[in-house]
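See below for the structure under consideration.
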Amino acid sequence: MTHTFDASKPIYRQLADQIYWRILRGELRAGEKLPSVRETAVEFGVNPNTVSRTYSEMERDGVVESKRGQGTFVSEDQSVLDQWREGMKQSYIRQFVQEMKAMGFSEAVILNGLKTFLEEDNE
Amino acid sequence: MISLQNVSKHYLAKKAVQDVTLHIPAGGITGLVGENGSGKSTILKMVSGLIHPSRGTLQVDQTPVNRRIAEKVAFLSELDAFYRFYTVQNMVDFQASQFRDFNRARAEEMLTFMKLDPDSKIKSLSKGNRGRLKIVLTLARDAPVILMDEPLSGLDPMVRDSIVKSLISFIDVERQTVVMTTHEVNEMEPLFDRVIAIKDGKILGMAETEDIRTSQGLRVVDWMAEHYKNQD
């Protein structure tokens with residue numbers, strides 16, 4: 001199988017994350033149609049019912065819209081996407097900072113470490 | 001969709017299935033999981049009408065099960081049941097002559113998907129291709145119930161992958177009720193809507209797979225191991 005999931009966590013959530021990353025990377029753009037439930041199920045090797053659940057979850061998040069008889073589309077509302085993208089950024093930063101602080105690093109050390117890392121990473 | 005009421009099956013002194021009461025709802029894919037000799041296959045064969053229970057009653061779609069339930073139930077056996085002198089096409093024609101719900105267009109589509117040549121002789125097919133052909137013959141039926149006994153057993157990873165993909169592509173999970181036995185739980189679990197754990201002919205538990213992951217944070221294998229442990 002091309003994709004492996006952590007079998008101790010809900011698969012529909014992990015699948016949503018995978019598709020979200022495609023949207024974040026711009027592989028799926030505003031207004032673009034998502035592959036059909038069946039196509040996605042075959043690609044990821046999961047039950048089509050799981051994909052349906054993923055799509056309705058993403059719709060509840062406001063990132064995609066389903067149109068009757070046509071399929072599921074990435075939201076055309078760019079401001080909704082921008083807002084959601086910003087939310088994703090914040091939540092990843094929050095998680096990183098919380099964990100660093102829990103390990104006892106000060107804000108100055110975190111900031112410095114991050115800066116150095118990014119500079120070295122760019123070389 | 002599938003109901004067993006106090007069903008037992010004895011083979012002489014051996015108790016294969018013991019007083020099982022079970023209801024499998026319509027739609028989706030249900031995995032019947034358990035170790036070898038736990039009674040998985042016996043349950044499937046009873047639901048398909050191939051063997052009779054020693055005690056208890058079975059119903060499929062509110063119809064009491066007998067040999068004629070084959071009209072509603074497509075059964076994939078663990079064994080091969082081919083005429084060696086037939087070609088792949090002969091076998092498809094034969095299956096089409098036996099079942100009114102056989103969908104020839106889908107059979108052709110599946111042969112292409114599985115890269116099976118209709119003119120090949122059965123006796124010249126590899127084990128993997130015989131496994132693929134069995135899947136085609138079973139899933140080409142528009143049957144409301146599909147039962148599969150160890151569809152991946154003894155096949156290499158390439159063949160297993162093509163079979164898993166064909167299950168996803170050609171089963172209609174909204175209209176068809178699929179039950180399959182497997183001991184390859186890790187490989188199959190992304191396909192299952194729910195699983196039933198069985199040991200020594202008794203049902204240990206039944207659960208939705210996403211519920212097992214969400215509320216218990218367990219893999220299906222771990223969930224099964226817990227039930228096995230509690231039973232000892």
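FYI, it's all coordinate maths here, none of it is from the lab. Remember, predicted model here, so these are calculated numbers, not experimental data. We place every Cβ from the backbone using ideal geometry, glycine too, and count neighbours over all the protein chains shown.
Which of the peptides A:18-31, B:189-202 is most tightly packed, and how do the rest follow, going by the mean number of other Cβ atoms within 10 Å of each residue?
Working: A:18-31: 14.6, B:189-202: 22.1.
Peptide ranking by packing, descending: B:189-202, A:18-31.
Neighbour counts of other C-beta atoms within 10 Å: give me A:Ile93, A:Ile11, B:Ile51 arranged from fewest to most. Mind showing how you got there, number by number?
Numbers: A:Ile93 10, A:Ile11 22, B:Ile51 15.
Arranged by neighbour count, lowest to highest, A:Ile93, A:Ile11, B:Ile51 become A:Ile93, B:Ile51, A:Ile11.
Over what distance in Å are the Cα centres of the stretch B:11-42 and the stretch B:185-215 separated?
So the two Cα centres are separated by 13 Å.
Can you list the residues, at least 5 places off or on another chain, whose amide H is less than 5 Å from the amide H of B:Thr63, using H built in the peptide plane?
The answer is none.
From the phi angles alone, apply the Karplus equation (6.51, -1.76, 1.60; θ = phi - 60°) to the stretch A:100-113 and give each ³J(HN,Hα) in whole Hz, x where the residue is Gly or Pro.
Couplings: 5, 5, 4, 8, x, 7, 7, 4, 4, 5, 4, 4, 5, x Hz.
Summing Lys, Arg as +1 and Asp, Glu as -1, what charge do residues with Cβ under 11 Å from the Cβ of B:Pro144 carry, B:Pro144 excluded? Please report the intermediate quantities before stating the final value.
Details: positive: B:Lys72, B:Arg141, B:Arg175; negative: B:Asp61, B:Glu71, B:Asp101, B:Asp142, B:Asp172.
Within the 11 Å Cβ shell, the charges total -2.
Rounded to a whole number, what is D in µm²/s for the stretch A:1-95 from Stokes-Einstein with the Kirkwood radius over alpha-carbon pairs (20 °C, 1.002 mPa s)? Intermediate results must be reported in sequence, preceding the final value.
Values: Rh = 13.8 Å.
Answer from the Stokes-Einstein relation: 155 µm²/s.
Which residues' amide hydrogens lie under 5 Å from the amide hydrogen of A:Val64, considering only partners 5 or more residues apart or on another chain, with H built in the peptide plane?
Here the answer is A:Glu59, A:Ser75, since their amide H atoms fall under 5 Å of that of A:Val64.
Work out the charge dipole of the stretch A:11-76 with +1 on the Cβ of Lys and Arg and -1 on the Cβ of Asp and Glu about the Cα centre, then indicate which of A:Gly71, A:Ala30, A:Met58 is farthest towards its positive end.
Of the listed residues, the answer is A:Gly71.
How many nm separate the modelled label positions at B:Glu208 and A:Glu39, each set 7 Å beyond the Cα in the direction of the Cβ?
A separation of 2.8 nm, rounded to one decimal place.
Beyond a 27 Å Cα-Cα separation, which of these cross-linked pairs lie in this structure: B:Lys72/B:Lys165; B:Lys165/B:Lys199; A:Lys9/B:Lys127; A:Lys9/B:Lys15; A:Lys9/B:Lys72? Display every interim value, and only then the final one.
Numbers: B:Lys72/B:Lys165 24 Å; B:Lys165/B:Lys199 29 Å; A:Lys9/B:Lys127 35 Å; A:Lys9/B:Lys15 37 Å; A:Lys9/B:Lys72 35 Å.
Going by Cα-Cα distance, B:Lys165/B:Lys199; A:Lys9/B:Lys127; A:Lys9/B:Lys15; A:Lys9/B:Lys72 fall outside the 27 Å limit.
What's the magnitude of the charge dipole for chain A around its Cα centre, counting Lys and Arg as +1 and Asp and Glu as -1 at the beta-carbon? Answer in Debye, nearest 20. If you can, show how the numbers build up before the last one.
Values: 16 positive and 20 negative charges, 103 e Å.
Charge dipole of chain A: 500 debye, to the nearest 20.
Count the net charge of all other residues whose Cβ sits under 15 Å from the Cβ of A:Val97, scoring Lys and Arg as +1 and Asp and Glu as -1.
Values: positive: A:Lys89, A:Arg94, A:Lys101, A:Lys115; negative: A:Glu99, A:Glu107.
My count for the surroundings of A:Val97 gives +2.
Identify all lysines with a Cα-Cα distance to A:Lys115 below 27 Å; exclude those on the same chain that are fewer than 8 residues away in sequence.
Those lysines meeting the cut-off are A:Lys89, A:Lys101.
Give me the one-decimal nm value for the distance between modelled label points at B:Glu184 and B:Lys14, 7 Å along each residue's Cα-to-Cβ direction.
It works out to 2.5 nm between the two label points.
Hey, what D do you get for chain B in µm²/s if you plug the Kirkwood alpha-carbon radius into Stokes-Einstein at 25 °C and 0.890 mPa s? Intermediate results must be reported in sequence, preceding the final value.
Numbers: Rh = 18.2 Å.
In µm²/s, the coefficient is 135.
I want the antiparallel fraction of DSSP beta bridges within the protein assembly as shown, as a percent rounded to 5.
Here the antiparallel bridges make up roughly 60 percent for the protein assembly as shown.
In the neighborhood of B:Leu58, defined by Cβ-to-Cβ distances under 14 Å, what is the net charge if each Lys or Arg adds +1 and each Asp or Glu adds -1?
Numbers: positive: B:Lys9, B:Lys45, B:Arg55, B:Arg67, B:Arg68, B:Lys72; negative: B:Asp19, B:Asp61.
After counting each charged neighbour, the total is +4.
Can you give the charge dipole size of the protein assembly as shown about its Cα centre, rounded to the nearest 20 debye, using +1 on the beta carbon of Lys and Arg and -1 on the beta carbon of Asp and Glu? Spell out each step's value before the answer.
On the way: 46 positive and 50 negative charges, 345 e Å.
I would put it at about 1660 debye.
Other chains' Cβ within 10 Å of A:27-35 residues: what's the mean?
Numbers: counts 0, 0, 0, 0, 0, 0, 0, 0, 0.
Mean shielding by partner chains, rounded to a whole number: 0.
Please give the charge dipole size of the stretch B:75-172, origin at the Cα centre, charges +1 on K and R Cβ atoms and -1 on D and E Cβ atoms. Round to the nearest 20 debye.
Values: 14 positive and 14 negative charges, 52 e Å.
About 260 debye.
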